Each structure stands twice: as C-alpha cells, then as structure tokens.
1. If B:Ser325 meets every condition in (1) small (Gly, Ala, Ser); (2) surrounded by fewer than 22 Cβ atoms within 10 Å (Cβ to Cβ); (3) closer than 27 Å to A:Val300 by Cα apart from one, which number is that one?
2. List the pairs whose first member sits in the stretch B:219-240 and is facing another protein chain (nearest Cβ under 8 Å), whose second member is among the small types (Gly, Ala, Ser) and part of a helix (DSSP H, G or I), and whose Cβ atoms are under 6 Å apart, counting only residues at least 6 apart or on separate chains?
3. Would a scan of the stretch B:91-108 turn up a residue that is more than 14 Å from every other protein chain (Cβ to nearest Cβ) and either in contact with a Pro (Cβ under 6 Å, 6 or more places away or on another chain) or under 17 Å from A:His212 (Cβ atoms) (or both)?
4. Quick test of your reading of the structure: A:Tyr271 fulfils all but one of (1) free of Cβ contacts under 8 Å to residues at least 24 places away in the same chain; (2) assigned to a loop (DSSP other than H, G, I, E, B). Name the failing condition by number.
5. If you take the residues in the stretch B:333-347 that are away from chain A (no Cβ under 14 Å) and in contact (Cβ under 8 Å) with a residue 24 or more places away in the chain, which one is nearest to B:Ser379 (Cα to Cα)?
6. Within the stretch A:153-191, track down each residue that is acidic (Asp, Glu) and more than 23 Å from A:Pro369 (Cα to Cα).
7. Can you name the residue in the stretch B:22-34 that is of a type outside the set (A, V, I, L, M, F, W, C) and surrounded by 15 or more Cβ atoms within 10 Å (Cβ to Cβ) and is also nearest to the other protein chains (Cβ to nearest Cβ) among such residues?
8. Do you know which residues across the stretch A:66-82 are of a type in the set (A, V, I, L, M, F, W, C), buried (at least 22 other Cβ atoms within 10 Å of the Cβ) and closer than 16 Å to A:Ala130 by Cβ?
There are 2 protein chains.
Amino acid sequence: MDTIKAYIEENKQRFLDELFGLLRIPSISSISEHKPDMVRAAEYWRETLLKAGADRAEVMPTPGNPVVYGEKIIDPKLPTVLVYAHYDVMPVDPIELWKSQPFEPEIRDGKIFARGADDDKGQGFMHAKAFELMVKTNTLPCNVKFMIEGEEEIGSPNLGKWCQDNKEMLKADVILVSDTSMIGKDVPSITTGLRGLAYVEVEVTGPNRDLHSGLFGGAVANPANILAKMIASLHDENNRVTIPGFYDDVLEVSPEERADMARAPFNLDDYKKALDIDDIHGEAGYTTMERTGIRPTLDVNGIWGGYIGEGAKTVLPSKAYAKISMRLVPNQNHEKIAQLFKKHFESIAPKSVKVKVTPHHGGQGYVAPTNTPAYRAASRAIEDVYGIKPVPFRSGGSIPIISTFEQVLGIKSILLGFGLESDAIHSPNENYPLEQFFKGIEVIPRFYKYFSEK
Amino acid sequence: MDTIKAYIEENKQRFLDELFGLLRIPSISSISEHKPDMVRAAEYWRETLLKAGADRAEVMPTPGNPVVYGEKIIDPKLPTVLVYAHYDVMPVDPIELWKSQPFEPEIRDGKIFARGADDDKGQGFMHAKAFELMVKTNTLPCNVKFMIEGEEEIGSPNLGKWCQDNKEMLKADVILVSDTSMIGKDVPSITTGLRGLAYVEVEVTGPNRDLHSGLFGGAVANPANILAKMIASLHDENNRVTIPGFYDDVLEVSPEERADMARAPFNLDDYKKALDIDDIHGEAGYTTMERTGIRPTLDVNGIWGGYIGEGAKTVLPSKAYAKISMRLVPNQNHEKIAQLFKKHFESIAPKSVKVKVTPHHGGQGYVAPTNTPAYRAASRAIEDVYGIKPVPFRSGGSIPIISTFEQVLGIKSILLGFGLESDAIHSPNENYPLEQFFKGIEVIPRFYKYFSEK
C-alpha cells in the first residue's frame, strides 16, 4: 500500500491549502445572516468533488441549506459506498476565548485550529482527498457517492425528506461517516452507538416589564429565581431526571455488556485533570463511560435573564430563558421526550409566572452492529494504519440523521471517526491534529479495498 | 403663594429645555466608558446652580466620579437645607424595548421619556428650579446647600468619605432628597423607611472549557444546572431565605404598626393587572406591602451562562454566573449579610465545581421619624399643592447613602419623592409625568417656608 503513503506525502501541502479554503468560509447554520456562506461552502465542496474525479457533482436545493451530491460510478455491479459529511459548523461564541480567529485556520503544535477543523470540515475533507487519491492512482475498487449537507448542527431538518425524494439516486451498500471521535490516538475505536437528542428552549415570564428590585422584590415572582427552581427540580438527589416517564423506554444494558464496556481504557485521574475538576458528577450507580454511553441525560446549554452587563443593576427581570437539551439512548423517542418535558415543565410552573416551551431539533439514538462486513473492513483498515485493533464503543454524542438514514434509505452507517477528545469541537479553539487528518486519508482507501473484497 | 405658580407658568418651557440638556448626557455610572459623560453631567449641574443664584458652585473630585457642591448662605443664623441628588443613571439594557432613544428625551402623553427622567435627573432638577424660583422672586427664607453625586446607582462608594472630609462645609439642619416615589398621584405619601442592600456576583466554574454536551453531558458537573440548584436552595417552601443567620437581626414589626400599614390604599387586582401577572409571590404570612416594606428579600438580578444566541448549540458550559441582591430592613448589617451569603453559597457548592462570590456595593436601611419639624413641613407643603394630607410609608427601595449621612454628618433626611410606580425607573421607557415635575417645583419652596418657620 505504499502508493497511498506516497501520494499523501507528495500532496500534503495542497491538501491543507484546499481544506483551509473551506475552513475560511463561516458557514454557521444556526445564524441566519450566514445564509450566503452556506451556499459558498456547498459550491466549494462541489468543485472539490469534481476536481477529485467525480463524474457528476451538484448543489441541490432543499427548503433550508442545499445538499451537495456527487458520484463516480465505475461499474454498477460493484458495491457502492455513500459518504456522508456536513459543511455547516457551530457558532463561535465565546469568541474572546479563541487564541486565533475561528475562520482563519492556523497550525500550532501540529494541530489545525479553526471552527470546523474537526467537526466536520476536517473529517469530511479526508474523504474528498482519499477519493481523489484512489481516482488518481487508479485504485478505486467500487462506486462512490457523496452527500454533504449544511444543516447537521441544527438537527438536519430537511435531509430526511431530501433522502426520501432521492432514494433511488442514493442507493448504496454502506454509509461511511467521519463525524465522531476515537477514545485516543493510541486507543483507536469505532463508534457503535450514538445518543438521541431532544432540544427545547424555555421562556419564563413574570411581570410584563423589568421592575425595580427594591420596590417589587419579594412581592412579585422573579422569573430568574423561578426558572432556577424549575431547572433544579429536573434532577433528584441521585441526579436522575425527574420528568415522569423519562426513563420508561430506556433499555437496561445487560451486566455482560457493562462488563465489556468497563474494559475500555479509562483513567479517572487523567479525566479530572484534563478538565481541571475536583470531582465528577452524574447519575448514581453508573460509571463515567456509562453515564455518557448508555444513560439519558439533561443539560442546560444556555441560561440568561436580567442584567448581565458590567457592574450592578437592581432589576427584577420580566423574563428569563434557558436552552435545555436531553441526550437520549436507543429506544427513547425524541418527540415523545420533548412532549414529556413540555408537559412536565408547564405543570411545575407556579401560577405567578407564564411558561413557554419551544422544541428545537431532535433525533433518535443509534446502535451499530459489529458483526458486519463494513465493521470488519473498518476495523482492518484502522489496524493497518494504527497498528492496534480498534475497540467498539458507544459515544455520548448525537448525529440524529444516522437513524434517519436507516429508516428512510434502509442503509446502516459505519462511524469511522478520527476526532480526539482534545479537539474541542463546539468549543473555542476547535482543532484537529495533522496526524489524525493524514492517517484518516490513509485509512479510508483501505476501508474501500477491504469492503469491496467482502 | 401665587408668586410660585406664576413663576413656574412663565418659565415652564425653559425649565424643560434645561432638564433635557441634562437628560441628553448618558451618565451611566456602572459602565466605565461613560467616565467623560460623568464629568459633563457634573459640569452641567455646576452651571445650573450658578445660573440659579448660588454664591458658589464647584465640581469636587473624589476617587470616583466628582461631587457637585453649591451653596447660598443668606444669613448664618438662619436654618440650612442641604439638598442631595445624583446625576448618574442606570444602564439602558434591554435597549430594544425602548420606544424612543433613552438619551433623547421626548414628551408623550404628558410624560417625559428618558433614562433618568425620574431617577434622579428629573427629581433632582426640581430642586435646582425651585431654588432659582426662590432666589429670583426674593422668597428664599433660609440657607441652601447642594450636594449632587455621580455614584448613587453603584452604591455611593466615595460619598461617605467625601462627607467626612467636608463635614464642616456640609453643616445643615436637614437633608432634602427627592429620589423616591409616592404611592400614587392621588395618594401623596412621604417615604419614612428604606431597605438596605447587599449585592453580590457569583461565578460557578465546572470544566476548564466549554464541552460538547453529548460527549460529556451526564458525566461532568454542568455549572448552569448547578447554579440553578444553588439559587433554588436559597428559598424554602415558604419563600423564606435559607441563608443561616439571615433573619437574626430583623426587627419584627409590632401588630399595631402592621395594622397601620394595612390602612395604606392597596388594590391587589389593580396591582396584578398593572404587572400582567396571575398571582403574586412572596414570603408566607406577609402582605404585599409588608413583603416590600418590612421584610428582607433575595432576588436574582441577572443570570447567564452557556450559549444564549439564536438557535441551538449543544454545549456544556464551563462557567455560569448570577448577580444576586438582597434587600435588607433596618438593623440588618449589609456587610454581615454579604459575608453570610458568601459563606453559605460556598458551603453548598458540590465538590465538582468551583465557586467565587464577589460582593458589589451595599448599604444600610433607614427609618425616618414622623414627629419632626422637617416631616411636618413636608406634610404641609404637599397638602397645600395636592389638597390631600400625605401618608407616611416604607419603601422597598434602597438609598444606602441616607443612613451614611446620618452616621457621618449626624443629619436626618426628609424623603420628599414625587416619582410614581408607573415611571419605570431602572427599566426601559423610564418616564416622569410633567404634572409631578411641576408640582414638585411648587411643593419645594413651601417646604423651605414651613421648615424655616419652625
């Protein structure tokens, strides 16, 4: 397989230059003013696929941001790999914590720093370059299709319908996705489970205007105090979620599976040290890996209300808000959970305030089997490059569209992620190690080869 | 007393023009970039006093914003009234709720709309114009001194020391202050009590950086959830503050006094309707007027953390913050309460987070006696103009400096406020009715007359 290494070595700088071009486009899907950037990022992907050797590549409209579709069909009788990635990224707040500009990529300490460096421009681009490599070195062993969307970070609201509408065009044997992480660069792993997601925004209204906290404080419900009380009540003393019915559909994992999970390497001291925390915090009766892997959770992602500027203002705010998300495990239905949340949250509001609950996006959890040709091909490909057999593990993250693919297209996905925990995705100073980027480009052609040999 | 009415009638438009000049200066004391505006507002007051007829007026430095001092001594043997007001104002957030620009005053529906229209530029300016009136019509019956500060809204951190340093210069028989409200324009009242204030800012830190809520949610303490839980625990099921020792120094008000207070007009339905709330909310066992008048309270004035922009972001924030103030009743020491809060808040933090409590400003409560010549003079003056004898009442608000005046200068204050509850002080669309502004200018010379006749 020296062809692969040689091609990468020869084209390293160009690969990075081309990725940087994509990283410079601020394609933040949750902020409407970035609409034109979404189209620019989609066009950039289309050109990348064409230059890499696609027979066809186009930017296809949806009611939201467009989807880039590309393909190279070398022989209809051969297997087909469908690559999924997304060109949209998360917002950059808090901007003041970035050490370099989020949309001006910079290499420091062997890592690419930029919003999207890992999630999912860096990881997605590995597939474009691996595809180019196989085409240019005449080693492409099967057909390839690309589906690159621009709404993953807002819950892929239009991709399910788009897949339905283009079911025939998307026919494939496996969906290949690099949008997850490994346990560590010395502990390669393949993600075999994802959590589902229900995301809501709540608004608590007290008086019809901000009031002077001296003249009214103590006599009128303060929505910030009430919101705090309501949020606090969502967990009990064992850190279990108190919403009635929340755990009803959770499948308990067998003691055997839990014992299996416990074999994955995990060092609590290192974990605490890396996050600079004195103690961990979670549901009683479960380990850290179990808390993120097999248990549903509820987190405040944002909270705000009243005066948050410099200094002191004695105001009794009219409104307080929170963004709250629940990570779900397979078998929990995200729409049902969002409804349970809404009903419960409204029911615990005192009469002195008004409460509005607005669901944002959501998605189902996913479990991938390990006894498939695709899993075995991925495992061999990683072992070739890393020298270690990867371990299967369940991630706490969510990629809601993966379960939609299964439902709509009837195709299982293989989650071949090269991210690392230290990549700070969704955070300031997101980064992606050059080593992982280039190793990923090495692994992918090997996956195609082993998968085609099945 | 037709001289008074005649002079006001003749100069109405000029009075407003001059007040508008002061209102146009954005003298927000809590935001450091407004430093130059503080000096401009002080200079404006100095010129106003000189033009009105002061023998002397100067802008005197302090380690913070300057104090304007002015005086007219007509006869050292006559009594002296010391007027106190402040030229600084509150911030204007949320700016989007203002119907006109906060620093471009506008008259609508017989009211002046601007930040500071009431608190305390509008109310303070009445004293400048009443003083001018007495000088120009040769009716000034006593000596007058003015002390106009620029840090009231941030707790007057430098005025106590300044008073101490200028004790001799400030000698007077009474301090006259218009920085409070009446129960209603048909229910004139004189404030005889003010609450004290302890104001703190809290910071709760979980992990050392924002984390992906999927990968870490449920396993690492979320500071926004923890802060909510900590804030929620500060009140018990009877809405009593749970900080140990919080109520230790609270003087219980006698049943007779409570019966007296209950005679002040209060309509619960009107109150709820004005605020658009379905229910009131406060400490069990006390009426609304008691909750703000004689009981200490704790309110969140601001809370923030995590992602608060448009759309959804699945972040587990590194930090969450709150601004929390406690209104205190006479005999509670604000420094002691701030310390009790700090100790308690730190003690309830779980080991999985770090907590920092920073005290902002604070101040003591105040009770004014009603059996003094100054109170009687104020009562007669108001009755002359409003046709109704004013009722004494205890306000829930705080003017921490009033108790400092008593301690440092040994002078009691008379709280001759003309604000109304609907003036929206500290809120968007702060306003001050023209009727109250001009009636105030009518009342003040009468107070001087009756007080000098004592």
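The values are calculated or read from the model by the stated rules, or taken from the named source; none is laboratory data. Everything numeric in this text was worked out from a predicted model, so none of it was measured. For neighbour counting, all protein chains shown are included, and Cβ atoms are generated from backbone atoms with ideal geometry for every residue, glycine included.
1. Unmet condition: (2).
2. Taking only residues 6 or more apart or on different chains, the pairs are B:Ala228/A:Ala228; B:Ala228/A:Ala232; B:Lys229/A:Ala232; B:Ile231/A:Ala228; B:Ala232/A:Ala228; B:Ala232/A:Ala232.
3. Checking the stretch B:91-108: at least one residue is more than 14 Å from every other protein chain (Cβ to nearest Cβ) and either in contact with a Pro (Cβ under 6 Å, 6 or more places away or on another chain) or under 17 Å from A:His212 (Cβ atoms) (or both).
4. Status for A:Tyr271: all satisfied but (2).
5. B:Asn333
6. Correct list: A:Glu153, A:Asp165, A:Glu168, A:Asp186.
7. Per the stated criteria, the residue is B:Ser30.
8. Hits for the stretch A:66-82 are A:Val81, A:Leu82.
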